[in-house]
1. Taking ALA102 as the residue in question, decide whether it is in contact with a strand residue (DSSP E or B) (Cβ under 8 Å, 6 or more places away or on another chain), touching a residue at least 12 places away in the same chain (Cβ under 8 Å), of a type in the set (Gly, Ala, Ser) and more than 21 Å from ILE34 (Cβ to Cβ).
2. Output the residues belonging to region 141-199 that are among the charged types (D, E, K, R), at pLDDT 90 or above and over 20 Å from the mean Cα position of the chain (by Cα).
3. Would you check if ILE90 is in a strand (DSSP E or B), out of contact with any Cys (no Cβ under 9 Å at 6 or more places or on another chain) and either closer than 29 Å to LYS230 by Cβ or at pLDDT 95 or above (or both)?
4. Please find, within region 1-48, the residue that is nearest to ALA143 (Cα to Cα) out of those that are part of a helix (DSSP H, G or I) and acidic (Asp, Glu).
5. Could you please let me know if SER37 is crowded, with 19+ Cβ neighbours inside 10 Å and modelled with pLDDT under 95?
6. Out of (1) touching a residue at least 40 places away in the same chain (Cβ under 8 Å); (2) outside any helix (DSSP H, G or I), what's the single condition that is false for PRO135?
Amino acid sequence: MHPGSIGILDSGVGGLTVVKEVMRQLPMESILYIGDSARCPYGPRPAEEVRRFTYQMIHFLLQFDPKMIVIACNTATSVVLEEAKHWLKIPVIGVIEPGARAAIRESKSGKIGVIGTQGTIKSGMYEKVLTRIKPGLNVVSQACPNLVPLVEDDEVSVDVALQVVQEELSPLIHQGVETLVLGCTHYPIIAPIIQQVMGEEVSLISSAEETASEVSAVLSENHLLATPEKAVHHQFYTTGDPFSFKRIAEKWLERSVEVRAVHLPVLDIKEVIRL
């Protein structure tokens, strides 16, 4: 039996949506989480900066000998995933392809909307993956830079968030989108407000459920699934305020968690990929 946890990284608290689904589908697995809230959001940052920050989180996780790494950030997935899969000796998965597959299954008309950070939308990764899996889809993308700060600052009450969500999604409302991919793992936390703005007839797609299913499949294929006799131990780290992170995490996960603050050292990427 492999002793490691599932390492999950994100630009902040958004990856907790993936954590929640992994906990539901794989309750015997231990989770090691790092959220870079001090430098969130990643969306407006240059790709090379996102790459450097993501590898710093990967380096942090590797110190704990994880058996898998999940890049639970769409922006980081679009920049780093393929390279990380090449360099690391353990399985690495992202959230874009699982989300795309779920959207294709749900869509009937083939008109799919994608919302995400500037970095994710600029990369065009969702459109590339969606049309690779199913050519001929009509994909409409919209960057929503002000949604991640809402979640990170825990300003998710309807009164505070509704106006911001309406402003961000207004270009999509009249485009005939029937399926909307929440192309940032922060967005499911405000999904009820997004649903209210888009209308009940629009299906919202979160990659969390599909990503957790892929985690299960990859672990099984590599004979890495935890067994009942292994104690479950979850660890949460943030580069930001641990009290704010703990408040959001406990509300979303509906359980008590311990959160530790961590400072990620500045490393040359070559120092990480050699590990």
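The values are calculated or read from the model by the stated rules, or taken from the named source; none is laboratory data. Quick caveat: nothing in here was measured; it's all calculated off a predicted structure. Please note: Cβ atoms are built from the backbone with ideal geometry, for glycine as well, and neighbour counts cover all protein chains shown.
1. Working: in contact with a strand residue (DSSP E or B) (Cβ under 8 Å, 6 or more places away or on another chain): yes; touching a residue at least 12 places away in the same chain (Cβ under 8 Å): yes; of a type in the set (Gly, Ala, Ser): yes; more than 21 Å from ILE34 (Cβ to Cβ): yes.
The answer is yes for ALA102.
2. Correct list: GLU167, GLU178.
3. Considered against the rule, which asks whether it is in a strand (DSSP E or B), out of contact with any Cys (no Cβ under 9 Å at 6 or more places or on another chain) and either closer than 29 Å to LYS230 by Cβ or at pLDDT 95 or above (or both), ILE90 comes out as no.
4. Initially, region 1-48 is screened for residues part of a helix (DSSP H, G or I), giving 16-25, 37-39, 47-48.
With the extra rule that they be acidic (Asp, Glu), the set shrinks to 21, 48.
Numbers: GLU21: 25, GLU48: 19 Å.
Looking at residues that are part of a helix (DSSP H, G or I) and acidic (Asp, Glu), I get GLU48.
5. No, not satisfied.
6. (1)
Each row is one residue, and each column tells you yes or no for (1) exposed (fewer than 14 other Cβ atoms within 10 Å of the Cβ); (2) part of a loop (DSSP other than H, G, I, E, B); (3) not assigned by TED's automatic domain parsing to the domain that holds GLN25; (4) not acidic (Asp, Glu).
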| site | (1), (2), (3), (4) |
| --- | --- |
| ILE193 | no, no, yes, yes |
| VAL218 | no, no, no, yes |
| SER256 | yes, yes, no, yes |
| ARG260 | yes, no, no, yes |
| LEU264 | no, yes, no, yes |
